[in-house]
């Protein structure tokens, strides 16, 4: 007995976010739009920057320095924030 795996494949692809052009024995798989991926990427950069800004704010309120390690971590977080801001500007300037 031959088993038709096409319906199962279609469900699996829908569950993972891959679009299906047609369901049946000759299914056509259409990749998700590049714009959608870019929007998610842009949001990830924006969200990460805001999370880092929140962490910098929390650490700034701490009275202890932990032997200079907190200050070093804050410097790294500020550098990361700067890189993410640069990424956001790059995306905006290049129409992402």
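The values are calculated or read from the model by the stated rules, or taken from the named source; none is laboratory data. Just so it is clear, the model here is predicted, and its values are computed rather than measured. With ideal geometry, Cβ positions are generated from the backbone for all residues, glycine too; neighbour counts draw on all protein chains shown.
For every residue, the table says whether it meets (1) at positive phi; (2) outside any helix (DSSP H, G or I).
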residue: 35; (1), (2): no, no
residue: 40; (1), (2): no, no
residue: 45; (1), (2): no, no
residue: 53; (1), (2): no, no
residue: 62; (1), (2): no, yes
residue: 66; (1), (2): yes, yes
residue: 73; (1), (2): no, no
residue: 77; (1), (2): no, no
residue: 80; (1), (2): no, no
Exercise. Hey, can you tell me all the residues within region 24-54 that are in contact with a helix residue (DSSP H, G or I) (Cβ under 7 Å, 6 or more places away or on another chain), farther than 20 Å from residue 73 by Cα and at pLDDT 80 or above?
Key: 42, 46
